[in-house]
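Colleague: I am attaching a structure below and will ask some questions about it afterwards.
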Amino acid sequence: MKKLIGIVIVAALLLAGLMMFWLIPAERMKEAQQHTADGSYKYAVVLGAKVNGEEPSLSLRYRLEAATEYAKRFPHVQLVLSGGQGKDEALSEAQAMYTYLIQQGIEKERLLLEDQSTSTYENLKYTQELLPELAGVTIISSDFHLARARFLAKQLGWETDVVTARTPEIVKTKVWIRERLALFKTWIFRK
């Protein structure tokens, strides 16, 4: 009987742990999207994503579509294009974003490139080093990514609002699960 009680307790603890893993990050990810940008900040950081050769991946293209719409709505906002070059990319994510946005009619004078970062933390840290002292910025990224990006920006002393880009259906399940793990890691290590 004691063995059965022990098994039930362990199972209940595991179930509670799994529920926390699933529900807490999901709530934070959903809440982060509610801080909708309104053009208040002078700078918006477009966070990079995979480049296929020289072309933005579908995830990056969705971020760029959101950035284009935001830039056209708020012509005073400057965009910081943040993302380095991966081993399997022909150019930096920042350069791919620059080319795309120029093709969409965004003036090159409004675009700053940060092309050394390899993580979300570095995206924001290196961007902060490029900019004058600021109280806050707008973050443009995929819906699932905004909670972690906002948390990291807060660690760097920034207030933030967001522009939400949709996530491609084909990768939605994978990235929402992976992001939960990344969010826990970020909460623990603060980067």
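Colleague: Along the charge dipole of the chain, pointing to its positive end and built from +1/-1 on Cβ of Lys, Arg, Asp and Glu, which listed residue (Val80, Val171, Val46) has its Cα farthest out?
Modeller: Result: Val171.
Colleague: Oh, and also: Run the quick spin-label model on Asp88 and Leu131: label points 7 Å from Cα toward the beta carbon, then report their separation in nm to one decimal.
Modeller: Between Asp88 and Leu131, the label points sit 3.1 nm apart.
Colleague: Please give the FRET efficiency for Gln103 paired with Leu14, using the beta carbon to beta carbon distance and R0 = 35 Å, rounded to the nearest 0.05.
Modeller: Approximately 0.10, to the nearest 0.05.
Colleague: Count the net charge of all other residues whose Cβ sits under 13 Å from the Cβ of Val163, scoring Lys and Arg as +1 and Asp and Glu as -1.
Modeller: That works out to 0.
Colleague: Right, here's the next one. Which lysines have a Cα lying under 29 Å from the Cα of Lys30, excluding residues fewer than 8 positions away in the same chain?
Modeller: By straight Cα distance, Lys30 reaches Lys42, Lys50, Lys72, Lys125, Lys154, Lys172, Lys174, Lys185, Lys191.
Colleague: Fewest first, what order do His145, His76 take by the number of other Cβ atoms within 10 Å?
Modeller: His76, His145
Colleague: Could you pull out the GluC sites (Glu not before Pro) across segment 110-190 that fall in loop regions by DSSP (anything but H, G, I, E, B) with no more than 11 other Cβ atoms inside 10 Å?
Modeller: Glu133
Colleague: Could you calculate the FRET efficiency of Glu31 with Glu55 from 1/(1 + (r/R0)^6), where r is the beta carbon distance between them and R0 is 35 Å, rounded to 0.05?
Modeller: Once rounded, the FRET efficiency stands at 0.60.
Colleague: Can you bin the chain into rounded, prolate or oblate? Criterion: square roots of the alpha carbon gyration tensor eigenvalues sorted a ≥ b ≥ c, rounded for a/c under 1.5, prolate for a/b above b/c, oblate for the rest.
Modeller: Judged from the Cα gyration tensor, the chain comes out prolate (a/c at least 1.5, a/b above b/c).
Colleague: Find the relative contact order for segment 2-189 and round it to a whole percent, using C-alpha pairs within less than 8 Å whose residues are 6+ positions apart.
Modeller: With pairs under 8 Å counted, the relative contact order is 26 percent.
Colleague: Testing the spin-label approximation: label points 7 Å from Cα along Cα→Cβ at Ile170 and Ile5. State their distance in nm.
Modeller: Going by the 7 Å Cα→Cβ label model, 5.5 nm.
Colleague: In deg cm²/dmol and to the nearest 500, what is the mean residue ellipticity at 222 nm of the chain if only DSSP H runs of at least 4 residues count, each as -39500 (n - 2.57), divided by the residue total?
Modeller: -17000 deg cm²/dmol
Values quoted throughout were computed directly from the atomic coordinates according to the rules given, and no laboratory measurement underlies them. Everything numeric here is computed off the predicted structure, so don't read it as measured data. Cβ atoms come from the backbone with ideal geometry, glycine included; neighbour counts cover every protein chain shown.
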